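Structure first, then comments.
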Amino acid sequence: MSDTSYDVRIYVIDVYKGKRTTTHWVQWSVDGKRFKQPYKTDALASSFRAGLLSAAKRGEAFSTAEGLPVSLLRRENESMSWFDFVCLFVDMKWPDAAPTHRKSIADALAPITEAMIATDRGRPDHKVLRRAFRVLFNASHRDATQAADVATALEWLSRSTRPVSDLSKPDVLRNVVADFEKRLDGKRGASDTVRLRRTTFSNALDYATEKKLLTENPMREVKTKKRKTVIHQVDRRSVANPVQVRTVLAAVSDIGRTGKKLRAFFALMYFAGLRPEETTNVRREDLELPPREWDKANECWQVREWGAINLGKATPEVGGEWTDSGERSEERGLKHRDDSVGRLVPCCSELAVILYEHLDAFGTGSDGRLFVAERGGRIGSSTYGRVWAQAREAVFTSEVVASPLARRPYDLRHACLSMWLNAGVEATRVPEWAGNSLTVLMRVYAKCIDGGEQSAMQRVQEALGGN
């Protein structure tokens, strides 16, 4: 089906007199689809209607989507500002994007939009401008009543950004890319940050091409300065061995009530390789714990079999303004999986004992979750990060504390996956347990796999005649 039509009917202007204002509605139809446009005065409405009549008399095609003559639509497209376009782009991405992805898009669009500002005259304060960006790139909050300074900043932005069509000019495109790759201090941003901004920018330009604001994505045609692609691998120095992990876990238990509660939290990340957002959502019903028996000689519980953890959902840490429900850390499907697809992770006997001890001491929250903050809700990264840092400082020397060794709780997951690989677990099975792809696994953990490096160096030494 064609996206234009010559079947156009233009009606008389409809005047609506309200209590406070009078609205003049221009109404017409294209291929049977009705359109209408409001104007405050009869002169403006008559002028617009006359333009429609002239286009129809010339035999010009009308767009069946926007209802406008092709010539007028082309002029509107050529003059659409980045401000208006970026609203369309965010609204298009919003429904299918996870809350964390929505936030990452907004974080990337802020410096891009700042680079698209055409004038500094009347420019709002930087902090106010950044607050305005968070509203502009939020499809749920953009139309809500805003603070006066934010509303003023949004109004300024609406008339101060370049037309999207300017990006078809090579010099403009290069300058915009160079600007949004910089940090606030003028230095180039981190490679991950730059990659995210470039990807978001290119996706936006693809959408601009789809909307016929550009004839093609200029990022594919104009040569910009190439940046070396950084392959991110786990730093081998950050990977703790089982003795080191157990030492810190023991110290975690001594850091108040929160520390006692978080021992099982960190144990799940190390022994089962869970991500933090998966760990926070583990419920009692997700655990298939093997039977335990009392060891009279050592006066402790013992578990001799393996169990399993059935992961179904995760609760990524993100503000309520980015979720559909308005609640912080909205429950979502597992990363890289459909909402209905879960993941089965083995539970070793040592982890099972720790989980039993946690359930005995703390039980579960009202919704069955194992880990609940003191005042209810999800345990935040600032809380578990602080406890982990204190535990490291309690057991490691100052030199080790300053090193990358297990510096972040997430390093426990890295240590787990590295341990599985070095223990000989098939490389195809590890990503099934960990919830990532084989390609990512081998690329990220390549440096942590013991490939016989010591043996290779010993052979070289022997060839050189050494002892």
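The values are calculated or read from the model by the stated rules, or taken from the named source; none is laboratory data. Please read these numbers as outputs of a predicted model, since none were measured by experiment. Every residue, glycine among them, receives a Cβ derived from its backbone with ideal geometry; neighbour counts consider all protein chains shown.
Looking only at the range 8-25, which residues are in a loop (DSSP other than H, G, I, E, B) and surrounded by 14 or more Cβ atoms within 10 Å (Cβ to Cβ)? Full working, then the answer.
First, the residues of the range 8-25 that are in a loop (DSSP other than H, G, I, E, B): 11-13, 18-21.
Once the filter is applied, which keeps residues that are in a loop (DSSP other than H, G, I, E, B) and surrounded by 14 or more Cβ atoms within 10 Å (Cβ to Cβ), the range 8-25 yields only Ile13.
Name every residue in the range 284-295 that is in contact (Cβ under 8 Å) with a residue 40 or more places away in the chain and assigned to a loop (DSSP other than H, G, I, E, B), in order of residue number. It would help to see each step written out before you state the result.
Within the range 284-295, the first condition is being in contact (Cβ under 8 Å) with a residue 40 or more places away in the chain, and the residues that meet it are 284-285, 287-290, 292.
Leu289, Pro290 - these are the residues of the range 284-295 that are in contact (Cβ under 8 Å) with a residue 40 or more places away in the chain and assigned to a loop (DSSP other than H, G, I, E, B).
Please go through the range 351-371 and give me each residue that is of a type in the set (Phe, Trp, Tyr) and under 17 Å from Pro276 (Cβ atoms), ordered by number.
Scanning the range 351-371 gives a single hit, Phe371.
With the checklist (1) at pLDDT 90 or above; (2) part of a loop (DSSP other than H, G, I, E, B); (3) surrounded by fewer than 14 Cβ atoms within 10 Å (Cβ to Cβ) in hand, flag the one item Asp171 doesn't pass.
Looking at each condition in turn, Asp171 falls short on (2).
Quick one: would you say Leu441 is at pLDDT 90 or above, within 25 Å of the chain's Cα centre (by Cα), under 27 Å from Ala264 (Cα atoms) and part of a helix (DSSP H, G or I)? Show your work before the answer.
Working: at pLDDT 90 or above: no; within 25 Å of the chain's Cα centre (by Cα): yes; under 27 Å from Ala264 (Cα atoms): yes; part of a helix (DSSP H, G or I): yes.
Answer is no for this residue.
Kindly indicate whether any position in the range 380-395 is under 27 Å from Asn436 (Cα atoms), among the aliphatic types (A, V, I, L, M), crowded, with 16+ Cβ neighbours inside 10 Å and outside the structural domain of Asp107 (by TED's automatic domain parsing).
Taking every residue of the range 380-395 in turn, none turns out to be under 27 Å from Asn436 (Cα atoms), among the aliphatic types (A, V, I, L, M), crowded, with 16+ Cβ neighbours inside 10 Å and outside the structural domain of Asp107 (by TED's automatic domain parsing).
Could you look through the range 44-96, keep only residues that are among the polar types (S, T, N, Q) and outside any loop (DSSP other than H, G, I, E, B), and pick out the one that is nearest to Val164 (Cα to Cα)? Show your work before the answer.
Within the range 44-96, the subset among the polar types (S, T, N, Q) is 46-47, 54, 63-64, 71, 77, 79, 81.
Next, only the ones that are outside any loop (DSSP other than H, G, I, E, B) stay: 46-47, 54, 63, 71, 77, 79, 81.
Details: Ser46: 30, Ser47: 27, Ser54: 28, Ser63: 21, Ser71: 18, Asn77: 8, Ser79: 7, Ser81: 6 Å.
The selected residue is Ser81.
Within the group Ser329, Ser325, which residue is modelled with pLDDT under 90, surrounded by fewer than 20 Cβ atoms within 10 Å (Cβ to Cβ), hydroxyl-bearing (Ser, Thr, Tyr) and assigned by TED's automatic domain parsing to the domain that holds Val243?
On the way: Ser329 fails: surrounded by fewer than 20 Cβ atoms within 10 Å (Cβ to Cβ).
Checking each option against the conditions leaves just Ser325.
Of the conditions (1) surrounded by fewer than 21 Cβ atoms within 10 Å (Cβ to Cβ); (2) touching a residue at least 60 places away in the same chain (Cβ under 8 Å), Asn281 fails just one. Which one is it?
The number of the failed condition is (1).
Hey, among Arg123, Arg142, Arg131, which residue is in a loop (DSSP other than H, G, I, E, B), among the basic types (Lys, Arg), over 23 Å from Asp206 (Cα atoms) and within 26 Å of the chain's Cα centre (by Cα)? Reasoning before the result, please.
Values: Arg123 fails: within 26 Å of the chain's Cα centre (by Cα); Arg131 fails: in a loop (DSSP other than H, G, I, E, B).
The conditions single out Arg142.
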